Amino acid sequence: MTEHSAPHEEESPHGNAEQHQNSQRFDDAEYRGEARSRRDRRRRHHSSDNTDTGSFPMVRKRPSRSASVNAKRARIVTSVLVGLLCALLGFGYVVQVRNTSSSYESLSEDELVRVLDETSTQVDKLEQRRNELNRQLTSIQSAADKQKEAEKIAQQNAQTSGILSGRLPAEGKGVTISVSQRDKHVDAATMFTLIEELRNAGAEVISFNSARVVTSTYIKDTKNGLIVDGNQFSSPYTIKAIGNPSDLQNAIQIAGGVGSRLKVTFNASVNVVQTDSVKIDEVRQPQQYQYARTVE
Amino acid sequence: MAAVLGLIVGVVGGIFLQPDIPIVLQPYLPIMVVAALDALLGAARSFFERSFSDKVFVISFLSNVITATLLVLLGNQLGVGSQLQTAVIVVLGIRIFSNVSSIRRFIFRG
């Protein structure tokens, strides 16, 4: 301590007084000791660079020279310099604050590697998911195709069976036969034979007056006409049939056939007209089966 | 006065100009800012100790910034960039803390 105090006296009066003032103000033994040793060290190195953490170079102001323009100018220059540096600091700070969240450019190598790893794992996952979805899509598409096919077949079936069962109206080439009795009653058996002959000749759809002829159609005799499927009809009878017109005509008008029988036995007139378009609008509601069940 | 004025001008300039930092400079800018902050706080402390000098402030500011940048550059070239960056930040942080504590002692007298 004594060693330190000796050079203490040699300090410039300006700095000394200031230091005394400080010491008095703080009255802190630790602080005073620190300050003194610092001062000592500084003088030893003849420089104001102190690299110790927690300390900042304490530089005494130069003894003010005699008031000159030069000093004043220097002060202005340094204060401008100080302002400029502070401006640089503020500028850099703001720029950095705005920049931190911007991009990968500021990330370190490790972080970049991690980000890359994460991304590639995610890519793998997404690829997997895509494959899965593709498979699903294919299976759904094939299912839809199958369903469409089934629908088409069902529609075709519905059409054919609809015509067959008399559920749908039909149209096509065929013949129109009109049978009108004169004095003798045309019996049901003969008319049924006529229908059977048409069927044998390949008639696809047949109607009797306003009744659609289907597999279960029956014809019954009554005093003044015929009952077909519960409908009372009287002469003249009109039978429309869709099929090959010439075949159908031949089937009726063949020698010794049902046509000649009608003419000879019942003295009825039979008129067969071939047409390109026979339209059969008569339909029959499908039968509700009470006893029959399909075999499964 | 000049310091405060300069800070305000710099912050306002940064906000309004919104410049793009060159990529080369990007890893060094945060270190530069911290080093400059340390220099500024050291200057504030010396101001309170009534030993503030413009010249010393300017020199210490520049040397702080340059040293920190060179250290980080060296670290990057040696492949220990992030570690050295952390080291610089820690050292500057300790200095900032001690500077702030002495400033606090001057202001609150305790």
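Can you name the strands (runs of 3 or more DSSP E) wholly within the range A:154-215 that have at least 1 residues being within 18 Å of residue A:269 (Cβ to Cβ)?
Where strands (runs of 3 or more DSSP E) fall fully within the range A:154-215 and carry at least 1 residues being within 18 Å of residue A:269 (Cβ to Cβ), they are A:170-180, A:205-208.
Being of a type in the set (Val, Ile, Thr), modelled with pLDDT of 70 or more and farther than 22 Å from residue B:31 by Cβ is the filter here; which residues of the range A:57-111 pass it?
A:69, A:76, A:77, A:78, A:80
What residue, among those in the range A:230-274 that are under 60 Å from the mean Cα position of the chain (by Cα) and outside any strand (DSSP E or B), is nearest to residue A:185 (Cα to Cα)?
By that ranking, first place goes to A:230.
Quick check on this structure: which one of B:47, B:16, B:52 is open to solvent by less than 50 Å² (accessible area, probe 1.4 Å) and farther than 14 Å from residue B:96 by Cα?
Working: B:47 fails: open to solvent by less than 50 Å² (accessible area, probe 1.4 Å); B:16 fails: open to solvent by less than 50 Å² (accessible area, probe 1.4 Å).
Residue meeting the stated conditions: B:52.
Is there any pair linking a residue in the range B:48-62 that is more than 7 Å from chain A (Cβ to nearest Cβ) to one that is in a helix (DSSP H, G or I) and open to solvent by less than 50 Å² (accessible area, probe 1.4 Å), with Cβ under 6 Å and at least six apart or on different chains, and which?
Within 6 Å, the pairs are B:48/B:103; B:48/B:106; B:52/B:46.
One line per residue, one yes/no per condition, for (1) without any contact (Cβ under 8 Å) to a residue 24 or more places away in the chain; (2) surrounded by fewer than 16 Cβ atoms within 10 Å (Cβ to Cβ); (3) aromatic (Phe, Trp, Tyr):
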site: B:11; (1), (2), (3): yes, no, no
site: B:24; (1), (2), (3): yes, yes, no
site: B:32; (1), (2), (3): no, no, no
site: B:35; (1), (2), (3): no, no, no
site: B:41; (1), (2), (3): no, no, no
site: B:79; (1), (2), (3): yes, yes, no
site: B:89; (1), (2), (3): no, no, no
site: B:100; (1), (2), (3): no, yes, no
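Could you list, in sequence order, the residues of the range B:18-38 that are at the interface with chain A (Cβ under 8 Å from one of its Cβ atoms) and in a helix (DSSP H, G or I)? Write out each step before concluding.
Applying the first criterion (at the interface with chain A (Cβ under 8 Å from one of its Cβ atoms)) to the range B:18-38 yields B:18-19, B:21, B:23, B:26-27, B:29-30, B:32-33, B:36-37.
Those that are at the interface with chain A (Cβ under 8 Å from one of its Cβ atoms) and in a helix (DSSP H, G or I): B:23, B:29, B:30, B:32, B:33, B:36, B:37.
Quick one: count up the residues across the range A:178-193 that are in contact with a strand residue (DSSP E or B) (Cβ under 9 Å, 6 or more places away or on another chain), of a type outside the set (Ser, Thr, Tyr) and surrounded by fewer than 21 Cβ atoms within 10 Å (Cβ to Cβ).
Going through the range A:178-193 one residue at a time, the tally reaches 7.
In this structure, is residue B:72 surrounded by 15 or more Cβ atoms within 10 Å (Cβ to Cβ), part of a helix (DSSP H, G or I) and at the interface with chain A (Cβ under 7 Å from one of its Cβ atoms)? Give the derivation first.
Values: surrounded by 15 or more Cβ atoms within 10 Å (Cβ to Cβ): yes; part of a helix (DSSP H, G or I): yes; at the interface with chain A (Cβ under 7 Å from one of its Cβ atoms): no.
Answer is no for this residue.
Restricting to the range A:202-231, name every residue that is over 20 Å from residue A:280 (Cβ atoms) and open to solvent by 60 Å² or more (accessible area, probe 1.4 Å).
Passing the criteria: A:220, A:221, A:223, A:224.
From the residues in the range A:268-296 that are touching a strand residue (DSSP E or B) at 6+ places or on another chain (Cβ under 6 Å) and among the basic types (Lys, Arg), which one is surrounded by the most Cβ atoms within 10 Å (Cβ to Cβ)?
Per the criteria, the residue is A:284.
The values are calculated or read from the model by the stated rules, or taken from the named source; none is laboratory data. Note that the coordinates shown come from a computational prediction; the quantities given were computed from them, not determined experimentally. FYI the Cβ positions are ideal-geometry reconstructions off the backbone, even for glycines, and counts take in every protein chain you see. Heavy atoms of the whole protein, side chains included, go into the accessibility calculation; ligands, DNA and RNA do not. Shrake-Rupley method; radii C 1.70, N 1.55, O 1.52, S 1.80 Å.
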